[in-house]
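The values are calculated or read from the model by the stated rules, or taken from the named source; none is laboratory data. What you see is a predicted model; the values in this text were computed from it and never measured. Neighbour counts are summed over all protein chains in view; Cβ atoms, including those assigned to glycine, are modelled from backbone coordinates with ideal geometry.
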Ligand code: NAD
C-alpha cells in the first residue's frame, strides 16, 4: 500500500519541491490538497489528477477525517499556522508531517505532540537532511569515531533576503522569528549531528545591519554551544548573508560539507583527502518515504516531533541569551535524537 498524502498550503515549497517529489516516492503519493486559494484547486487537480473529493479549504479541512484516501497530512504553511493545522489533522485521525520550524514556541510543540499522542497518530518534522546521504555519512563518522573524539563543530546557514519586506518570513506574527527559526534550525541540527550530542549551554549574539528592512525579525545571529562530551560549537544564521556549510574538527582529522543544507546535491570532503559523494536523489522524496516506512512498517522515525521541540527549546534559549545581553543560558535537554532515528 502507498500512503495518501494531503499537502496543506500550496506555496513555493509544496509547488516546487514536495509535489514533484511525490511523483517519485515509493511508499506515498499526492492524494489531496488543502488550500486557502480557490484558483489553485483546479490547477492542482488538473496537474496531479486529484479528485474533487480530496480537495479541501481551511474551513472544511476537518472533514478530511472521513476521507479514507488521506493517511497523512503534511502542513506546509507559515510557521505560526503549523500548530493549529497539525492539531486539527491529528484530531481528524491523520498522521502528521509538520514543516520546520515545528512551531513558534515550545508550548505549541508540546501541544502538537500531545494531540498526536492522544489521537494515536505518528508525527514527523520536515527535516529533509536527516534522510539525506551526505548528512548520514557525517553522522556515521561521528557515531563510529572515524576521526576520533569531536572537539569543534561550526555551521552556517543563511541567505540574502532581497527586495520584499512584506514576505511572511519577516513578519513575526506569521514566522515567530527571523533567520534563526527559518535557517538557524539547520545550523543547530548540523552542530548536533556533527557532535552527536545535544548542547548543554548556549551563548548568543544578534547583529542588525539593515534595520530598515528587518524591522520585525532577527537578521543575523551567532551562537556558541557547549556539548557534554567537551566539544564546542559555533553557528551563524542570517537573512542577510549567503552561508551554507558545516565543519567538524576531531582528534585525528576533520570533515566538512559545503553546501551542507540546500536541496542538493551536497558536497563534502575530509582530512584524509576523501571526497564525500553520493548519487543525487530528491531529499524530499527520501524524507517522505522514510516517514511512510515509519507509518507502514514501524521503521525508525527519522525526525520525530521531540526533535522539532528540542530545536525550538534551543532557539528559545538563543533568544533568551540575546535578551540577556549575551549571557550564557544553560540547557537541560534529554539526551537522544543526536542522529535522528538512526541508532
Ligand atoms: P510560501 O510563502 O511560498 O507559501 C506559504 C503558503 O501558505 C502559501 O500557499 C500561502 O497562500 C499560504 N498561506 C496561508 N495563510 C497565509 C498567510 N496568512 N500569510 C502568508 N501565506 C499564507 O512559503 P513556503 O516557502 O512554501 O514555506 C512554507 C513552510 O514550509 C514554512 O514553514 C517553511 O519554513 C517551510 N519550508 C521548509 C523547507 C525545507 O527545506 N524543509 C523549504 C521551504 C519552506
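Laid out as a table, the results:
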quantity	calculated
Filter result for the condition that a residue is within 15 Å of the ligand (Cβ to nearest atom) and free of Cβ contacts under 8 Å to residues at least 60 places away in the same chain, over 85, 61	61
Lone qualifier among 8, 34 - being within 9 Å of the ligand (Cβ to nearest atom), touching a helix residue (DSSP H, G or I) at 6+ places or on another chain (Cβ under 8 Å) and in contact (Cβ under 8 Å) with a residue 24 or more places away in the chain	8
Options 99, 107, 137, 144; residue that is within 30 Å of residue 295 (Cβ to Cβ) and under 14 Å from the mean Cα position of the chain (by Cα)	99
Count of residues meeting criterion [closer than 23 Å to residue 292 by Cβ and surrounded by fewer than 16 Cβ atoms within 10 Å (Cβ to Cβ)] in region 22-44	3
Residue among 142, 153, 138, 76 that is more than 23 Å from residue 193 (Cα to Cα) and surrounded by 22 or more Cβ atoms within 10 Å (Cβ to Cβ)	76
So residue 14, is it in contact (Cβ under 8 Å) with a residue 40 or more places away in the chain, within 15 Å of the ligand (Cβ to nearest atom), in contact with a helix residue (DSSP H, G or I) (Cβ under 7 Å, 6 or more places away or on another chain) and part of a helix (DSSP H, G or I)	no
Qualifying residue in region 45-58 (condition: in contact with a strand residue (DSSP E or B) (Cβ under 8 Å, 6 or more places away or on another chain), away from the ligand (no atom under 15 Å from the Cβ) and either under 12 Å from residue 4 (Cα atoms) or assigned by TED's automatic domain parsing to the domain that holds residue 263 (or both))	yes
Extreme residue, surrounded by the fewest Cβ atoms within 10 Å (Cβ to Cβ), among residues of region 45-60 that are in a helix (DSSP H, G or I) and in contact with a helix residue (DSSP H, G or I) (Cβ under 9 Å, 6 or more places away or on another chain)	52
Those strands (runs of 3 or more DSSP E) lying entirely in region 89-179 with at least 2 residues in contact with a helix residue (DSSP H, G or I) (Cβ under 8 Å, 6 or more places away or on another chain), within 13 Å of the ligand (Cβ to nearest atom) and modelled with pLDDT of 95 or more	95-98, 123-125
Test for residue 63: is it surrounded by fewer than 17 Cβ atoms within 10 Å (Cβ to Cβ) and touching a helix residue (DSSP H, G or I) at 6+ places or on another chain (Cβ under 7 Å)	no
Residue that is farther than 26 Å from residue 125 by Cα and either at pLDDT below 95 or surrounded by fewer than 18 Cβ atoms within 10 Å (Cβ to Cβ) (or both), where the choices are 212, 206	212
Extreme residue, surrounded by the fewest Cβ atoms within 10 Å (Cβ to Cβ), among residues of region 294-331 that are in a loop (DSSP other than H, G, I, E, B) and under 19 Å from the mean Cα position of the chain (by Cα)	300
Listing of strands (runs of 3 or more DSSP E) fully contained in region 225-275 that carry 1 or more residues being farther than 25 Å from residue 206 by Cα and in contact (Cβ under 8 Å) with a residue 12 or more places away in the chain	243-250, 253-257, 268-270
